[in-house]
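All remarks here apply to the structure that follows.
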Amino acid sequence: MKKILVTGGTGFIGSHTVVELQQEGYEVIIVDNFSNSSIDVLDNITRITGIKPAFEEFDLSDRIKTADFFRRNKDIEGIIHFAAFKAVGESMEKPIEYYQNNVVSLLNILENMKAYGIRDMVFSSSCTVYGQPDELPVTEQAPIKQAWSPYGNTKQMCEEILSFTTSALPIRTIALRYFNPIGAHESALIGELPLGVPNNLVPFITQTAIGLRKVLSVFGDDYNTPDGTAIRDYIHVVDIAKAHVVAIQRMIGEKGKSDLEIFNLGTGNGSSVLEVIQSFERVSGEKLNYQIKPRRPGDVEKVWADTRFANEELGWKAELGMDEMMASAWKWEKALASKK
Ligand code: UFG
């Protein structure tokens, strides 16, 4: 059985990916420091798959602990590196923490890949690297725009580090640029954990509907889009998780064509904020309380993925649509409420 290290494996995308990996027959070891997740996730993964993943708790930006971990786990055959901070707004206030956590942890992992001859890594990147693209749908060849947040800058820097490192060393990586991952596992045992007031649209919608928040603010209805609200490419987290399994299989199976490959992970469909709300109301039967508010600083107007390269070259395609995303997000919110 091939052993895969999943960093950040108790987080939102990480936990869904661990489930898919185990179901495909991989042995998983998770490293996480629970900076944005909970230890219960390990039990919930086990409830879904029947297999308890191996687990170690430490911070991957700690060079000594990371080296010690790899010294004890020389049989790791591939790495999926999720562990990172991800809140755009927070990164503006805590830039050093973002660079420290996101960039240094990548360097520590690469140092040990080199030391122990671990060749393959999948890296979590983001469509944030495109900023507001000049052409839509956006392809992987679109120019990288100047980052406006430390968070976005860490993703750009990490991609550049991977580009130079993979050219110089026998290391191969696939960087997956996520669009907007939402939804939850159909079991409602894992999903996005709410810590504080959500920044992202879908957790805010479900928390408003369940009564945790009074009203959803729709940030801007004066964009140059059909209904005036901003457009994103929302994608089901389980589709994202499956892409990671395909990516790791591609590298282990020697199918990669270059040292660093980059793929967009989106559905190719853009949805406006109002369309997301309508889908939520349709599948939940709930009426959502929302108000139009001014634009949120830093938001782009519209972005959705050109998925042809991922579909054709990676051989992966998102399968779940907006209503399935919203139904699973709502089921998860209700499951969280019933545990309180
Ligand atoms: N929105 C609202 N009200 C809210 C929250 C969001 O109207 O309460 C709107 C936003 O203005 C935006 C859309 O819903 O138009 C989606 O917002 P999210 O915060 O859910 O997602 P973003 O597209 O802003 O952010 C995502 C990722 C980031 C990444 C960014 C890159 O969460 O990690 O894409 O553009 F950096």
Notebook entry, point to check: Checking Pro133 against (1) out of contact with any His (no Cβ under 6 Å at 6 or more places or on another chain); (2) under 28 Å from Ala329 (Cα atoms); (3) modelled with pLDDT of 95 or more; (4) within 13 Å of the ligand (Cβ to nearest atom), which test does it fail?
Noted result: (2)
Next item on the list: Mind listing just one residue for me: the one in segment 114-130 that is small (Gly, Ala, Ser) and away from the ligand (no atom under 16 Å from the Cβ) and, of those, surrounded by the most Cβ atoms within 10 Å (Cβ to Cβ)?
Entry: Ala115
Check: In the set Ile171, Ile161, Ile190, Ile182, which member is more than 15 Å from the ligand (Cβ to nearest atom), buried (at least 23 other Cβ atoms within 10 Å of the Cβ) and either touching a residue at least 24 places away in the same chain (Cβ under 8 Å) or at negative phi (or both)?
Finding: Ile190
Margin query: Being surrounded by 15 or more Cβ atoms within 10 Å (Cβ to Cβ) and either part of a strand (DSSP E or B) or aromatic (Phe, Trp, Tyr) (or both): is that true of Val18 here?
Written below: no
Notebook entry, point to check: Restricting to segment 209-248, what's the tally of residues that are among the hydroxyl-bearing types (Ser, Thr, Tyr), touching a strand residue (DSSP E or B) at 6+ places or on another chain (Cβ under 6 Å) and within 9 Å of the ligand (Cβ to nearest atom)?
Noted result: 3
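Residue-wise test of (1) acidic (Asp, Glu); (2) more than 23 Å from Thr225 (Cβ to Cβ); (3) surrounded by 15 or more Cβ atoms within 10 Å (Cβ to Cβ).
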residue: Val300; (1), (2), (3): no, no, yes
residue: Trp304; (1), (2), (3): no, no, yes
residue: Thr307; (1), (2), (3): no, no, yes
residue: Asn311; (1), (2), (3): no, yes, yes
residue: Leu314; (1), (2), (3): no, yes, yes
residue: Asp323; (1), (2), (3): yes, no, no
residue: Ser328; (1), (2), (3): no, yes, yes
residue: Lys331; (1), (2), (3): no, yes, yes
residue: Lys339; (1), (2), (3): no, yes, no
Note to self: I'd like to check something: does segment 214-235 contain any residue that is outside any loop (DSSP other than H, G, I, E, B) and small (Gly, Ala, Ser)?
What the structure shows: yes
Notebook entry, point to check: For Thr49, which of the numbered conditions (1) farther than 25 Å from Ser125 by Cβ; (2) loosely packed, with under 15 Cβ neighbours inside 10 Å fails to hold?
Noted result: (2)
Check: Does segment 149-157 include one or more residues that are part of a loop (DSSP other than H, G, I, E, B), touching a helix residue (DSSP H, G or I) at 6+ places or on another chain (Cβ under 8 Å), surrounded by fewer than 21 Cβ atoms within 10 Å (Cβ to Cβ) and not aromatic (Phe, Trp, Tyr)?
Finding: yes
Check: Identify, please: which residue in segment 282-340 is among the aliphatic types (A, V, I, L, M), over 18 Å from the mean Cα position of the chain (by Cα) and part of a helix (DSSP H, G or I) and is, among those, nearest to Tyr178 (Cα to Cα)?
Finding: Ala327
Item checked: Qualifying positions in segment 277-324 - of a type in the set (Phe, Trp, Tyr), in contact with a strand residue (DSSP E or B) (Cβ under 9 Å, 6 or more places away or on another chain) and more than 10 Å from the ligand (Cβ to nearest atom) -> Trp304, Phe309, Trp316
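The values are calculated or read from the model by the stated rules, or taken from the named source; none is laboratory data. On a predicted model such as this, the values are computed, not experimentally measured, just so you know. Neighbour counts are summed over all protein chains in view; Cβ atoms, including those assigned to glycine, are modelled from backbone coordinates with ideal geometry.
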